[in-house]
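The values are calculated or read from the model by the stated rules, or taken from the named source; none is laboratory data. Keep in mind the model is a prediction, meaning the values are calculated, not measured. Virtual Cβ from ideal backbone geometry, glycine too; neighbours counted across all protein chains shown. Side chains are part of the model used for accessible areas, which takes the heavy atoms of the whole protein and leaves out ligands, DNA and RNA. Shrake-Rupley method; radii C 1.70, N 1.55, O 1.52, S 1.80 Å.
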Amino acid sequence: MGNAPSSTPAESIGDAASSASTSDVTTSTPTSDAGVNPAPTTTSGGGTADATTADATAADATNAHDTTPALGTQPHPDELDLVFIVDCTGSMGSYIHAAQTNIRRIMEKIVAFEKTNARFGLVAYRDHPPQDRTYVTRTFDFTSSRKTMQSNVDWMSAAGGGDGPEAVTAGLKAAIDMDWRKEATKVVILIADAPPHGLGERGDGFPNGDPDGHDPLDLARTMLRRGITCYPVGCEPALGHYSFARDFMCTLARITEGQAVTLSSAELLADVIIGGAQEEVALEKIMDEITNEVEEEQTAAQMRGEALDEAELCTRVTQKLASRGTRTRQMKHDSKMESPHADLMTGQATLGAWRKAAPTTAEGPDLAGSLHCLDDDFGGEALDLCAASCFSSAPPSRRRSMSPKKKKKASRAGLFSSVPPPMMKSAGGAAMKQGATSMGATSVTVEEDLISPEQVMRCMKKSAARGR
């Protein structure tokens, strides 16, 4: 992993530039619009270092808003804060490259189409030591500068990892802790091909979860209360070779009222990011209207002595809005993410409770252990080869290569042999293959259509969580 980019002037299109937040390793970062060059802090196993005086000065100079309160009401949806949380371990090279290639187009299209005051942030993560000793998370603060954001995204590279599951939870926590504007539409795009620690995957180096004590299910509910919507992007085929990774991605989307999308290649990543942002801005603009309709329907039902459940209330509100011709932007795609246990996971308060309730996995290859051996014995460059040869018939990334000597050693060890997906035992004891019907998106579009019941339900749940 290289150092953070050297100081560069910001090309501002709105508010402020960013600073990189890391711990243990100190590197130079892009200069903020206010002329302050804050020293970064790194998270590495033991948590986040205290912010420096320069960090505080930059924050004061670039953002006069308070950080997001517990109840994240958003009265001004013309503001957008969007954060990318990106897995930067060895198998993610093609997705990181797609982000680097398309970030300016993404920013320009969102700002121009929505006419929003938009800021963009980045959290890169790998894993906790001893699984990975480079860094756990790196945070690049919000910026509206295309040049600064390009520099931030270009800083990322794919390397390392360890035991299979990665520091997803630490990435979520770092994103929540960023300086979100209270009034803005808040969106997180999680781009990952592995689950967090503590789901119950075989070979997990931290089977009890995040070593810093954070719980991703609890963090997801914090995001919901603060108005932060998560769009998890599951990178296939690697994601499907874990027992519960797809269930987790769908659970994260359900709790925060976002959408989970699975991709089999990085080609459509930019479309997912743009589509998710456009839909969330559109929904925030009619949130108050939906909330008022819900209250009116509930009041009318009470006067009639009628009890309405959530589904019937959603149906009636949707019908009223549709009768008035209420239209919204909607991200539409053809991906299918098989998640047979997402309902069960969503209903659990913590990962500890999930592990007690989760179905047992049948005996199968220790994929996580194989990845760990690859990283320890053959170097980080083996991970892309493993992702290709173990997970699919596709050739490994050309961006990374293994030396002939290491490749020969790995082949003799049998680590590049075919690895079938894990098997799980259903309640009746029958074995079933996880993710047999999952399919990566081949088309992602944004269309304007009559508001859907699914959008109304998402708005209802968001509004209730924010205390509206």
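Order these peptides, 164-175, 291-302, by their mean beta-carbon neighbour count within 10 angstrom, highest first.
Answer by packing, highest mean first, reads 164-175, 291-302.
Tell me, how many Å apart are the Cα centres for the range 213-241 and for the range 84-112?
18 Å
What is the gain in length, in nm to one decimal, between Met439 and Gln319 on full extension, counting 0.36 nm per residue of separation less the C-alpha to C-alpha distance? Show your work: numbers first, answer last.
Working: separation 120, 0.36 × 120 = 43.20 nm, distance 3.19 nm.
Taking 0.36 nm per residue and subtracting the Cα distance, the gain is 40.0 nm.
Taking a temperature of 4 °C and a viscosity of 1.567 mPa s, what whole-number D in µm²/s does Stokes-Einstein yield for the range 209-282 with Rh from Kirkwood over alpha carbon pairs?
Once the numbers are plugged in, D ends up at 98 µm²/s.
Calculate the radius of gyration of the Cα atoms of the range 230-357 to one decimal place, then report Dmax, the largest Cα-Cα distance, as a whole number, both in Å.
My reading of the Cα-based Rg and Dmax gives 18.0, 54 Å.
Give the peptides 130-138, 215-223 in descending order of average Cβ contacts within 10 Å, highest first.
By packing density, highest mean first, the sequence is 130-138, 215-223.
Over 20 Å between C-alpha atoms is what I'm after, so list which of Lys182/Lys320; Lys115/Lys285; Lys115/Lys336; Lys186/Lys285; Lys173/Lys332; Lys285/Lys461 land there.
Lys182/Lys320; Lys115/Lys336; Lys173/Lys332
May I ask you to work out the translational diffusion coefficient for the range 89-190 at 37 °C, viscosity 0.692 mPa s, via Stokes-Einstein with Rh from the Kirkwood sum over Cα pairs, reported in whole µm²/s?
D, rounded to a whole number, is 225 µm²/s.
Provide the net charge surrounding Thr222, with neighbours chosen by a C-beta distance below 13 Å and charges set as Lys +1, Arg +1, Asp -1, Glu -1.
For residues surrounding Thr222, the net value is +3.
Solvent-accessible area per residue for the range 96-207 at a 1.4 Å probe radius, Å²?
Values: 2770 Å² over 112 residues.
It amounts to 25 Å² per residue over the range 96-207.
Students sometimes get this wrong: rank Lys336, Lys320 by accessible area, probe 1.4 Å, all chains present, largest first.
Result, largest first: Lys336, Lys320.
Give me the number: length gained by fully extending Asp154 to Asp288, i.e. 0.36 nm times residue separation minus the C-alpha to C-alpha distance, one decimal in nm.
Contour length minus Cα-Cα distance gives 44.4 nm.
With a 1.4 Å probe and every protein chain left in place, tell me how much accessible area His214 has, in Å² to the nearest 10.
70 Å²
Report the net charge of residues surrounding Glu236, where surrounding means a beta-carbon distance below 14 angstrom and charges are Lys +1, Arg +1, Asp -1, Glu -1.
Neighbour charge sum, excluding Glu236 itself: -3.
I need the peptides 275-284, 321-330 ranked by packing, meaning the mean over residues of other C-beta atoms within 10 angstrom, with the highest value on top.
Averaged packing, sorted descending, gives the order 275-284, 321-330.
Note down the magnitude of the dipole of the range 184-252 about its Cα centre, charges +1 on Lys and Arg C-beta and -1 on Asp and Glu C-beta and zero elsewhere, to the nearest 20 debye.
Its charge dipole is roughly 360 debye.
Quick one: how many Å² of Tyr125 are accessible to a 1.4 Å probe, rounded to 10?
Probe radius 1.4 Å; accessible area of Tyr125 about 0 Å².
What whole number of Å gives the distance from the Cα centroid of the range 145-169 to the Cα centroid of the range 292-313?
Each part's Cα centre sits 47 Å from the other's.
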